[in-house]
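Asker: First the structure, which I've put down as structure tokens, then a few questions once you've had a look.
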2 protein chains.
Amino acid sequence: MNIENAERRLYALWGEIRDLHSVKDLLDWDQETYMPAGGVEARARMASTVAAIKHQRLISPELRDVLAVCAEAPQGSVLAAQVRCAHLEVDRAVRMPESLVRALAEASAKGGASWQKARAASDFALFENDLRHLVELRRQEAAAMRDSGNAYDAMLHRFEPGATEASLVPLFRELRDALTPLVRSVAESGATVDESPASGDFPEDLQERFSRQLAAAIGFDFDVGRIDRSTHPFCVGINPTDVRMTWRCQANDFRSAVFGILHESGHGLYEQGLPAEWIRTPICDAISLGIHESQSRLWENHVGRSRGFWRWAFPRYREAFPDAPETDVESLWPLLHTVRPSLIRVEADEATYNLHVIVRFEIERKIFTGDLEVEELPAAWDDLYEELLGIRPGNAAEGVLQDVHWSQGMFGYFPTYTLGNVIAAQLYEAAARDLGDLEGLFAEGEFAPLLDWMRERIHRHGGRYTAAELVERATGKPLSADDLLAYLRRTTEEVYGARV
Amino acid sequence: MNIENAERRLYALWGEIRDLHSVKDLLDWDQETYMPAGGVEARARMASTVAAIKHQRLISPELRDVLAVCAEAPQGSVLAAQVRCAHLEVDRAVRMPESLVRALAEASAKGGASWQKARAASDFALFENDLRHLVELRRQEAAAMRDSGNAYDAMLHRFEPGATEASLVPLFRELRDALTPLVRSVAESGATVDESPASGDFPEDLQERFSRQLAAAIGFDFDVGRIDRSTHPFCVGINPTDVRMTWRCQANDFRSAVFGILHESGHGLYEQGLPAEWIRTPICDAISLGIHESQSRLWENHVGRSRGFWRWAFPRYREAFPDAPETDVESLWPLLHTVRPSLIRVEADEATYNLHVIVRFEIERKIFTGDLEVEELPAAWDDLYEELLGIRPGNAAEGVLQDVHWSQGMFGYFPTYTLGNVIAAQLYEAAARDLGDLEGLFAEGEFAPLLDWMRERIHRHGGRYTAAELVERATGKPLSADDLLAYLRRTTEEVYGARV
């Protein structure tokens, strides 16, 4: 087989693998949005069948042979990137014994159920054994995966290819050392922000209409995407021509819906911007969750919480909610940048959010070195919250049991949230250097220049470059926390005064 | 391999085949309800991949071997029924050359597109070549399929296993001979029904709420089912725990929504009543489209157009539509049983509907004997409408181009509509013999006895018996048009007087 034939065959084989992946995405989306409650058991079997067939395709000898021929492609070529991206999935599949795949699927289902009970009862003991089993299985997986890196690297690799514990430790240390005193100084300053202008009666249908208006304004294309409701907002790119996000709102505060939709739209814009000419090939996929999260955070925070954005959005907000409390852009702006230590990650502000993530990162690291046993988690969690955020959970539900991730066996996922924040800030600064007065553009409703910049430098590449290469190509420098920290210091000082 | 092991293995293999079928159902449902318009091309590839994998599974040597061992099961046993149902799909898959499968898929896509254009322009010539190609491919398929029967039997077999042209000809002849004069006598009598009580302003949200109320009342279980909107109403049983129907309405006439929802609910009740203990095995499926349609027609016509039903429904109707025209059950009842020759099948009344079907049956037969060429279809169509219904289409859009079926290569589908009407009437009479005053029950909102009767005699058997066996077991006699004709004569005479 020559390389041209091998390349063609790679795309044919991968096309079906990607179709199965798209099917799985649709099954998941449907389960969270419209599936009748009684369908859950049969749906689990459908999903498992699709996953098993995809696994069989990934480990097929033909795919292996085709990839071996394609590996002769010149370094730096598209085909070389295709091979690299394909191997991310193939290597994992090949090394995972089918017994472990099944055991993990079962343990996740069981863990999800016992976690829900444990959280409802705020009783870690109800979840402890299932969690221990999940940790044990993921340790086995890590042992099967690792070439050289450590066990936790194998976990990170699933969500952020190329990231290592060793590369994250100094980055997260820097954030921790900078943010802990920042957050503490705000708390100790006693300064508060009057949040009443954001509180009121925001009818659900009006919030939905306004949210859709915002998504469309920043460029989300409803011809190849849609918005539905779900308990927990998410975005899934079934493929670049079918991107679906979900939405929820709070009746008494518009911020949940508005920043939720901007966040998910950021994910959606990325998915809609993936290289459609390479659809169904390995590089037509998000390169990492950190890059993905950078796009959601960029539109949510750097755009959506800016004065420029609200100069444009405010009259539309007034029109959408005629009964909302009287306010103006200058009064509203501080409400979008409050800093307040809290116990629940998903409700955290921009600055404290990263500390929530670092708590989880520290715990996960220790789990995979064996320094922390599962029964020690609740105490370790509470201690770290006290150390980093200065507050201590009153119970397990608002402590170690708050997140779904571990119950699904997802260790190594949390760090991508903070990576996303770091990358978002760095990309925004680079775009501002290139495009000039971004806030001035936003004030005119001009979001296309920023979107085009992201399309050109991030979206259209798909998996063509690694996440680290992508960041450096787009911003001219390696990943660094500088821009994020400067942004957080600037906004915090402006809201709370120079004394913080 | 002994028979016990073979049976276990059959269910394991079939479980995955059925999962793929369920996935395909979900893909189709999603495409008709929520998929963004731009996703259509990628969706076609996903569907094609799933279909190809299912086809590969159906023709696998292991499944063939397992079925061969299971074929030793005692006649009349469940396992024998499983083997029979499995063979319905396997035999077709094995005989279909993959090139023909692909050619049909492409020709259907192409035919669907040119049919839409042709119908919009009312110009048969725009569709003629694609239709000719579809006919040619289906003739090839028939040649690959048939053991002994004729080519049209191979078409019927896809939708109504066991039905043959030879068995349908006398049945349809009897209907034609009885209904043509009945319809003509109504037309010639000059009698008309004042339909104004059904006309008015029926707001869409109120119609939707009322329709959901009706579906729930007759037993549709929303815990394992749901209703959405689509251009053309349909029902799909992804599995017995996830049954989805769709709905539409007319703003100025409540009948479209009400009888639409009762019709689809009938399909849905059947799907929800399939033997869940045999889920993912061959017999956990509708045995034929004729049986399926009997369930929709039963609830739509025999229940939904009865006086008993309206004695219960009328106060609810008044409550749902406070601004609807003043009327009462006795004034409303004739509006539900009008007989009026018309050109469009989907808008036809109970009596003329079967004549619309017979037109298509006669044409399809002649296509597959070679007695009719595609270019002769428009004239043959118009002539038959004049002969059977006494009216002649003014153009191709309201004539030969009105139905989607042929553009999808679905020949042999139409007869199942009339089979459904025949079976529905026969089942209803048998249930009335067993249960006594059905209309008295309906008037009290008691629909469970009739549903339970159907569950017991039809639904729970799935594919355990053939359609013919099922009808005879449930009603004590072979399939016959007697009950349908008696019902249509009775209602028509009551509406239009004894002179018809």
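The values are calculated or read from the model by the stated rules, or taken from the named source; none is laboratory data. The shown structure was predicted, so the numbers you read here are calculated from the model rather than taken from an experiment. Cβ atoms come from the backbone with ideal geometry, glycine included; neighbour counts cover every protein chain shown.
Asker: How many residues are without any contact (Cβ under 8 Å) to a residue 60 or more places away in the chain and in contact with a Phe, Trp or Tyr (Cβ under 9 Å, 6 or more places away or on another chain) when one looks only at the stretch A:246-262?
Answerer: Selection size over the stretch A:246-262: 10.
Asker: Is it true that A:L88 is over 19 Å from B:D19 (Cα atoms), within 14 Å of chain B (Cβ to nearest Cβ) and either among the hydrophobic types (A, V, I, L, M, F, W, C) or in contact with a strand residue (DSSP E or B) (Cβ under 9 Å, 6 or more places away or on another chain) (or both)?
Answerer: No; evaluated as a whole, the condition is false for this residue.
Asker: Still on this structure, I have one more. Of everything in the stretch A:219-248 that's hydroxyl-bearing (S, T, Y) and surrounded by fewer than 21 Cβ atoms within 10 Å (Cβ to Cβ), which residue is nearest to A:W29 (Cα to Cα)?
Answerer: Checking each candidate, the answer is A:S230.
Asker: Which of the residues that make up the stretch B:236-256 are out of contact with any Lys or Arg (no Cβ under 7 Å at 6 or more places or on another chain), among the hydrophobic types (A, V, I, L, M, F, W, C) and away from every other protein chain (no Cβ under 12 Å)?
Answerer: B:C249, B:A251, B:F254
Asker: Continuing with the same structure: Based on what the data block shows, is B:A6 crowded, with 19+ Cβ neighbours inside 10 Å, more than 25 Å from the chain's Cα centre (by Cα) and part of a helix (DSSP H, G or I)?
Answerer: Yes, satisfied.
Asker: Does A:E326 fit the bill of being under 24 Å from A:D123 (Cα atoms) and either touching a Gly at 6+ places or on another chain (Cβ under 8 Å) or among the charged types (D, E, K, R) (or both)?
Answerer: Answer is no for this residue.
Asker: Assess whether B:A348 counts as being under 20 Å from the mean Cα position of the chain (by Cα) and surrounded by fewer than 20 Cβ atoms within 10 Å (Cβ to Cβ).
Answerer: yes
Asker: State which residue is nearest to B:W333 (Cα to Cα) when the search covers only the stretch B:262-306 and only residues that are more than 14 Å from every other protein chain (Cβ to nearest Cβ) and in contact with a strand residue (DSSP E or B) (Cβ under 6 Å, 6 or more places away or on another chain).
Answerer: B:E264
Asker: Further question: I'd like the full set of residues that are touching a residue at least 12 places away in the same chain (Cβ under 8 Å), farther than 20 Å from B:T492 by Cα and loosely packed, with under 15 Cβ neighbours inside 10 Å, limited to the stretch B:317-343.
Answerer: Within the stretch B:317-343, B:D323, B:P325, B:E326 meet the criteria.
Asker: Does the stretch B:209-218 contain any residue that is within 14 Å of chain A (Cβ to nearest Cβ), surrounded by 15 or more Cβ atoms within 10 Å (Cβ to Cβ) and in a loop (DSSP other than H, G, I, E, B)?
Answerer: Within the stretch B:209-218 (the criterion being within 14 Å of chain A (Cβ to nearest Cβ), surrounded by 15 or more Cβ atoms within 10 Å (Cβ to Cβ) and in a loop (DSSP other than H, G, I, E, B)), the answer is no, since none of the residues qualifies.
Asker: From the list B:A481, B:A474, B:A486, B:A468, which residue is of a type outside the set (F, W, Y), farther than 24 Å from B:T164 by Cα and either in the same structural domain as B:L179 (by TED's automatic domain parsing) or under 23 Å from the mean Cα position of the chain (by Cα) (or both)?
Answerer: The match here is B:A486.
Asker: Then there is this: Determine whether B:E439 is modelled with pLDDT of 95 or more, of a type outside the set (G, A, S) and assigned to a helix (DSSP H, G or I).
Answerer: So B:E439 passes the test.
Asker: Now for a separate question. Anything in the stretch A:265-288 that is in a helix (DSSP H, G or I), surrounded by fewer than 24 Cβ atoms within 10 Å (Cβ to Cβ) and of a type in the set (A, V, I, L, M)? List them, or say none.
Answerer: A:A276
Asker: Residues to consider are B:D221, B:D228, B:D205; find the one that is within 14 Å of chain A (Cβ to nearest Cβ), without any contact (Cβ under 8 Å) to a residue 40 or more places away in the chain and more than 19 Å from B:N421 (Cβ to Cβ).
Answerer: B:D205
Asker: If you check every pair at least six apart or on different chains, which have Cβ atoms under 6 Å apart with a residue in the stretch B:381-398 that is free of Cβ contacts under 8 Å to residues at least 40 places away in the same chain first and a residue that is assigned to a loop (DSSP other than H, G, I, E, B) second?
Answerer: Between residues of the stretch B:381-398 that are free of Cβ contacts under 8 Å to residues at least 40 places away in the same chain and residues that are assigned to a loop (DSSP other than H, G, I, E, B), the close pairs are B:W381/B:G399; B:W381/B:V400; B:D382/B:R392; B:D382/B:P393; B:D382/B:G399; B:E386/B:R392.
Asker: Give the residue that is nearest to the other protein chains (Cβ to nearest Cβ), with candidates limited to residues of the stretch B:1-50 that are of a type in the set (A, V, I, L, M), in contact with a Lys or Arg (Cβ under 8 Å, 6 or more places away or on another chain) and touching a residue at least 40 places away in the same chain (Cβ under 8 Å).
Answerer: B:I17
Asker: Return the only residue of B:E398, B:E469, B:E386 being among the charged types (D, E, K, R) and outside any helix (DSSP H, G or I).
Answerer: On inspection, the qualifying residue turns out to be B:E398.
Asker: Any idea how many residues of the stretch B:164-190 are under 21 Å from the mean Cα position of the chain (by Cα) and polar (S, T, N, Q)?
Answerer: Going through the stretch B:164-190 one residue at a time, the tally reaches 2.
Condition check ((1) of a type outside the set (D, E, K, R); (2) surrounded by 14 or more Cβ atoms within 10 Å (Cβ to Cβ)) across all residues:
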site: B:R433; (1), (2): no, no
site: B:F447; (1), (2): yes, yes
site: B:D452; (1), (2): no, yes
site: B:R455; (1), (2): no, yes
site: B:R489; (1), (2): no, yes
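Asker: Starting from residues that are touching a residue at least 60 places away in the same chain (Cβ under 8 Å) and surrounded by fewer than 18 Cβ atoms within 10 Å (Cβ to Cβ), keep the ones in the stretch B:51-72 and report whichever is farthest from the other protein chains (Cβ to nearest Cβ).
Answerer: Across the stretch B:51-72, the extreme among qualifying residues is B:E72.
Asker: Does any residue of the stretch B:130-144 turn out to be surrounded by fewer than 17 Cβ atoms within 10 Å (Cβ to Cβ), in contact (Cβ under 8 Å) with a residue 40 or more places away in the chain and part of a loop (DSSP other than H, G, I, E, B)?
Answerer: No, because not a single residue in the stretch B:130-144 is surrounded by fewer than 17 Cβ atoms within 10 Å (Cβ to Cβ), in contact (Cβ under 8 Å) with a residue 40 or more places away in the chain and part of a loop (DSSP other than H, G, I, E, B).
Asker: Among A:L126, A:L168, which is the only one that is under 30 Å from A:Y487 (Cα atoms) and in a helix (DSSP H, G or I)?
Answerer: Matching residue, one of A:L126, A:L168: A:L168.
Asker: As an exercise: evaluate A:F172 against (1) under 23 Å from A:F254 (Cα atoms); (2) away from chain B (no Cβ under 14 Å); (3) aromatic (F, W, Y) and give the number of the one condition it does not meet.
Answerer: All conditions pass for A:F172, except number (1).
Asker: Does B:A187 satisfy being part of a helix (DSSP H, G or I) and in the same structural domain as B:L485 (by TED's automatic domain parsing)?
Answerer: yes
Asker: Looking at the stretch B:148-161, which of its residues are in contact with an Asp or Glu (Cβ under 9 Å, 6 or more places away or on another chain) and outside any helix (DSSP H, G or I)?
Answerer: Those that are in contact with an Asp or Glu (Cβ under 9 Å, 6 or more places away or on another chain) and outside any helix (DSSP H, G or I): B:G149, B:N150.
Asker: Within the stretch A:401-428, track down each residue that is surrounded by fewer than 18 Cβ atoms within 10 Å (Cβ to Cβ) and in a helix (DSSP H, G or I).
Answerer: A:H405, A:Q408
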